[in-house]
Amino acid sequence: MADIKFDDAPESKQFKSIDSAGIHRNFILDEAEFQPLAAKMEKKKVDGKDVEVDSGKTIGPWAKFTFKCDNPTQQFVCTLFAPPAKEEDIKFYGDVYEKGIPIRKKTAAEQIKSEFTNKYYFYEQLAKAMLISPDKFKAYKDSVGGDPEHLFKLMFDKFFALFPLDKLKGKAIDIKTIWNNNIKAKTSFLQLAYPSSSNLVFAPYIPNRDTLLSITVNEQKSLRRTFNPNDRAPTTDATEANADNQWKPVATEGAEGEEVLF
């Protein structure tokens, strides 16, 4: 066997994950990864040995974005989970608002469109923060749409086909985060704030200038962490998905009564 050498192994970089909600400045998008739908494996005893078997459940699809800042050295990882594509996939129905007052629950079609629209604003605001021109972004907007079954992956693929990651790494941006405090599961995790037509979560980083981002009244309630890791409630089949917010999106009300999901 040939000798093993590590000449081609890059030096590791130490990044501290941000641990506070609010506005974080001068970050770049360092990595973007797409995970398709996959079987969820679990460990079981077979002939006295621990083996991984298909649990009958699935994970994904999801898209993961890693933002990094060099001064100070820190990072923030944001995960987008695929919205429901069919009525039977919907785990949460948001409200329809009229003059800031909820008047009814969304239909299945409205709920699916609402959640995909939320993902669209993620990409739209990210593009604007990176100073991608309106004409260039229009090419993206015109290229995504259609069948919800394939739309989540299409939105990811088209964005990085039109705007390659290596060309985005030099564009610094500001990011807004909040705490997702899940009372039932007794968990708190930091996540991107909810992008919508009335709520910016990404903005260009301009040195020696105030950020364009601001904390809304609703977001002020999510600036403080409620639970620590040891507080987590026991996981059951009924609470497993909601505990990590993978399937039931958190909802809040936008600046003008607009419901936003993430």
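Every number in this text was worked out from the coordinates using simple rules, so none of it is lab data. This one's a predicted model, so the numbers in the text were calculated from it and none came from an experiment. Here the Cβ is made from the backbone with ideal geometry for all residues, glycine too, and neighbour counts use every protein chain on show.
Details
- Cβ charges +1 (Lys, Arg) and -1 (Asp, Glu), total dipole of the chain, debye: 520 debye
- Here the spin labels are modelled as points 7 Å beyond Cα on the Cα-Cβ line, and at SER12 and ASP157 they lie 3.5 nm apart.
- Above-threshold pairs, the threshold being 30 Å between Cα atoms, out of LYS44/LYS86; LYS64/LYS106; LYS16/LYS167; LYS113/LYS184: LYS44/LYS86
- Using a Förster distance of 30 Å, the FRET efficiency for VAL51-PHE92 (Cβ separation, nearest 0.05): 0.30
- Spin-label pair ASN208/GLU110, simplified geometry with 7 Å Cα→Cβ offset, distance in nm: 5.0 nm
- Of the beta bridges in the chain, as assigned by DSSP with both residues counted there, near 95 percent are antiparallel.
- In Hz, Karplus ³J(HN,Hα) per residue of segment 87-98 (6.51, -1.76, 1.60; θ = phi - 60°; x = Gly, Pro): 4, 5, 8, 6, 10, 8, 10, x, 8, 9, 9, 9
- Screening the chain for whole DSSP H helices of 18 Å or more along their axis (Cα) with average Kyte-Doolittle hydropathy at least -1.0 returns 108-129, 148-162.
- Mean residue ellipticity at 222 nm, helices only, the chain: -6500 deg cm²/dmol; runs of at least 4 DSSP H residues each add -39,500 (n - 2.57), and the sum is divided by the number of residues.
- For the chain, built as a Gaussian network whose Cα springs stay under 10 Å, the top-fluctuating residue of PRO204, PRO148, PRO83: PRO148
- Near-label residues of segment 166-182 by backbone N, under 16 Å of a point 7 Å along Cα→Cβ of SER198: none
- Annotation: extensible slack from ILE59 through LYS138 equals 25.3 nm (criterion: 0.36 nm per residue apart, minus Cα-Cα distance).
- Förster radius 30 Å - calculated FRET efficiency between LEU37 and ASP3 (Cβ-Cβ, nearest 0.05): 0.15
- For segment 58-133 versus segment 177-216, the spacing of their alpha-carbon centroids is 13 Å.
- Residues in segment 173-189 reached by a label modelled at ASN71 [backbone nitrogen below 12 Å; 7 Å Cα→Cβ]: none
- Lys, Arg +1 and Asp, Glu -1 on Cβ, resulting dipole of segment 1-116 about Cα centre, debye, nearest 20: 580 debye
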